[in-house]
Amino acid sequence: MSTAIADELQLAVKPTIGTHTLMNFIGGKWVESGAKTTSPVMNPSIGKQIASVPLSGMNEVDAAVRSARGSLTSWSNTPIKERAQVFFRYKSLMEKHTQALAALVHEENGKTMSESIAEVEKSIEVTEFACSMPQLSAGEILEVSKGVECRIDRHPVGVVASITPFNFPNMVPNWTIPNALVLGNTMILKPSELVPLSSIRIAELLKEAGLPDGVFNVVHGGQEVVEAICDHAGIDAVTFVGSTRVAKLVYARATSHLKRALCLGGAKNHLIVLPDAHEDMTASNVAASMSGCAGQRCMAASAMVAVGNVDHIVKKLCDEARKIVPGKNLGSVISKKAKERIEGYITEAEQQGAKILVDGRNCVVEGKEEGYYVGPTVIDGVTPDMKIAQEEVFGPVLSIMRAQSVDEALKIENANPYGNAASVFTQSGGAARHVIEHASAGMIGVNIGVPVPREPFSFGGWNESKFGAGDITGRSSIEFFTKPKKTTTKWNPESKVNWMS
């Protein structure tokens, strides 16, 4: 771990031989885990270990739940405007420390510094939205009959847990932390054991912003912690972001214990490109979408459906892809195992008859020879039955499938079990509207490669990209993190009585 990063995390680590072992954050204090085993935290851009993370278990989860439960009454009874003030200060601290927070993301995840800064800036945006919760979650009241009023007030769900992935170590935790806490809940965060450093700094900044001890807790670990969160009777709601396979397991296990659950899974996002699409804009957008964050995002373009003759756009796309240079404007993938898996998809597609137009296999970056890099890869002649067309690759790889009409392209898109995002590139409003209406995805783009909604619009897909009701961000998150209390009041006995009163 670099000296600067260690300084950033001075409260959260304890010196050991050759590295640092991270601690859990429970009750406002750094607490050494009782785990007997640890897992290495790697810097994937150089292939070197930078820390060790404890693989905690049920005992640590139970301690965090007791901390969160003990703080719930006091925090939920704090007026919402006062709760929001903590997050105004937290937002300011993130703005002050943007470069340092981005450096943490860069070191533990491997994405470029510009991508890491953009991730922190998105965290700032979702925190800014949370600061508006006093207005957005205000109760409703209506005189339903003479002298009779009905009103709705929103109350926190209780203790909530958030299980977050490796690909956005700062942003995804902040999808849930600000909204859930401003709305009066207390929280346990289980970050990915591959990228635990950002969550530590988040905890420190929240404490500095004035968040009371126990309201926010961090427990490091792997599968055992996830299972303990799903099973613990003291946790009322669970959010998860990760692969579809695990999202299904977490959703089934959490709901079987009568918890609310919202679990976001994987994706296979299709970009439908028509012959009239703007050549330069389409090529640059598609290339950026497939390669941004090394393709390790659930909104990445992984499948392009070329409608009719768009070879001029494909050629321009390949030119744009070749401008993306690993180690410069393309970060590493998360692990050696991920690199091998991604390259395996490419090789298998080639063996099945697909044509590699741009090949990113066997990539080595000078000065970072031990890093885990896959170069931008464009594959033409992919058919819908190939594994690379059906499964989430999670790397900077674009598969091109061919169709003769928009409806044929939509048939390919609709047949895929995922439903996170879909985009269409065209200058025809009618064609765009047809795709908007018929694509089976929760987030749609028109001439946009990564159609992530901005606040207050919420993030969430369809089909096997999401399990549970509502969305994880934006206005829709209010429904998930609160429960409504309905009150009917009558004080006026002289009022005329009818069936409504």
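No value in this document is a laboratory result; all are computed from the given coordinates. The structure displayed is predicted, hence computed values, not measured ones. Every residue, glycine among them, receives a Cβ derived from its backbone with ideal geometry; neighbour counts consider all protein chains shown.
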Packing-wise, with mean Cβ within 10 Å as the measure, how do 152-162, 432-442 rank, highest first?
-> 152-162, 432-442
Between the Cα axis of helix 171-182 and the main Cα principal axis of the chain, the angle (0 to 90°, nearest 10) is 10
How high is the FRET efficiency between GLU408 and MET281 when r is their beta carbon distance and R₀ equals 22 Å, given to the nearest 0.05?
-> 0.40
If the cut-off is a Cα-Cα distance under 17 Å, which lysines reach LYS146, setting aside same-chain residues fewer than 8 apart in sequence?
-> LYS490, LYS496
Before anything else, pin down the relative contact order of region 104-228: Cα pairs under 8 Å, at least 6 apart, normalised by residue count, whole percent.
-> 25
Helix axis angle, 58-77 relative to the chain longest principal axis, alpha carbon, degrees = 60
Any idea what angle helix 197-208 forms with the longest principal axis of the chain, computed on alpha-carbon atoms, 0 to 90 degrees, nearest 10?
-> 30
Could you tell me which trypsin sites (Lys or Arg not before Pro) in region 36-108 are loop residues by DSSP with no more than 14 other beta carbons within 10 angstrom of their beta carbon?
-> LYS36
